[in-house]
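Only the coordinates and a few stated rules stand behind these numbers; no lab work does. Not measured: the values here are computed from a predicted model. Because the Cβ atoms are built from the backbone with ideal geometry, glycine has one as well, and the counts that use them run over all protein chains shown.
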2 protein chains.
Amino acid sequence: MDAVLGATARTRVRRLPELAVADRAMLHAVLDEGLVAHVAVVDGHHPFALPCAYAREGERLLLHGSTGSRLLRSLAAGVPACVTVTLLDGLVYAKSLFHSSMHYRSAMVLGRGVAVADELKEHALHVISDHLMPGRWEEARPPSRKELAATAVVALPLDEASVKVSASPPDVDPDDEGWSPWTGVVPLQLQPGMPISQDGIPVPGYVTSPRR
Amino acid sequence: MDAVLGATARTRVRRLPELAVADRAMLHAVLDEGLVAHVAVVDGHHPFALPCAYAREGERLLLHGSTGSRLLRSLAAGVPACVTVTLLDGLVYAKSLFHSSMHYRSAMVLGRGVAVADELKEHALHVISDHLMPGRWEEARPPSRKELAATAVVALPLDEASVKVSASPPDVDPDDEGWSPWTGVVPLQLQPGMPISQDGIPVPGYVTSPRR
């Protein structure tokens, strides 16, 4: 797997192509930092984008949900899907409103999912758990046979993907002459707060300092 | 406009219907807190989900972008679209992996966009600016006629929408007996960091304490 990102007609970044990143390591980094993807599918000629937890394992994405979930059933059936993960990194205050923008890293993966076979489901759920809650698999109650049967897992290969990264300082423009508002960037980051304990047990280190 | 949320077959929440919220105030609150939506459209039978800045004005969403943007052109042409805004509020550590989950608020709006007429574009951009960077419109260089002409704005009515809110404490299960890992919630929030100034001008109050 060393396909170039954005290599197909439908993953080539057309808007602001200078923000396209061809490096597969950036695709992995964005997917590994995100916690929720937006998964788009078509149902009755209408598009739907639904939030979904996921994890990356090598060159594929793993998505899970209830076997009763319409989205998971569609994905398992192999309908065309788009999985997008966007990390919002900041607000960019340029001198002009026109050039004001956002810093972000966004990965888009196109393709068709494949249902993960029953005997491989537990491993896949372990990978997802390690991504979302590293360290938890070793301590929490593992899935029962019944729970595994009620859970669907779908794998989507990272064969066709694109990554767009906006990280430049505010643009200046000849038209800005005479205007001198503050310019700069306000960084944004999804930050954990103080854990809210349900019981009297001390908060474990893997919760306070997860190694994602 | 007092349509009930989730009232149509395709916006009725099927998975975990107990998380569905029928209150339009919650739809507004989620849309007003989010900064980036994922917009899904169909192109060549394939779904695409793309991140997009937006703002809510009354009972409609406003989306903007370059007139050269394929997404904005499609939306302005009135293709079926789905706009989803998800706020990730926390990680929920239950005793079991099966019941472990996330706290979130997610709003989904279905419909067809309408291009905002030229003479109303500046007002729409003002609304978007006030949402993303409150206070900025009054200080930054306003859009020139050329910049306005290069910007497309699309309005999407909030006629058909659903909202799902997950905010409950970790589930317990009879199968958990004998297991006693820490349980609780790690809150997550998109937090601003220290502004990075591009010049020596003091950071204005509307940047350090935006009133969104």
Please enumerate the residues belonging to the range A:96-134 that are without any contact (Cβ under 8 Å) to a residue 24 or more places away in the chain, within 12 Å of chain B (Cβ to nearest Cβ) and not in a helix (DSSP H, G or I). A:L97
Can you tell me which residues in the range A:131-182 are touching a helix residue (DSSP H, G or I) at 6+ places or on another chain (Cβ under 9 Å) and among the β-branched types (V, I, T)? A:T151, A:V153, A:V154, A:V163, A:V165
Quick check: is even one residue across the range A:165-187 more than 7 Å from chain B (Cβ to nearest Cβ) and crowded, with 18+ Cβ neighbours inside 10 Å? yes
When you check B:E57 against the structure, is it within 18 Å of B:P143 (Cβ to Cβ), touching a residue at least 40 places away in the same chain (Cβ under 8 Å) and of a type outside the set (S, T, N, Q), yes or no? yes
Scope the range A:135-164; condition more than 7 Å from chain B (Cβ to nearest Cβ) and farther than 18 Å from A:L62 by Cβ; matching residues: A:G135, A:E138, A:R145, A:K146, A:S162, A:V163, A:K164
The lone condition A:D43 fails out of (1) under 20 Å from the mean Cα position of the chain (by Cα); (2) of a type in the set (D, E, K, R); (3) over 28 Å from B:G193 (Cα atoms) is (1)
Per the filter on the range A:188-212, residues more than 7 Å from chain B (Cβ to nearest Cβ) and surrounded by 14 or more Cβ atoms within 10 Å (Cβ to Cβ) are A:Y206, A:P210
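Return the residues of the range A:161-212 that are among the hydrophobic types (A, V, I, L, M, F, W, C), part of a loop (DSSP other than H, G, I, E, B) and under 19 Å from A:G135 (Cα atoms); say none if nothing qualifies.
A:M194, A:I201, A:V203
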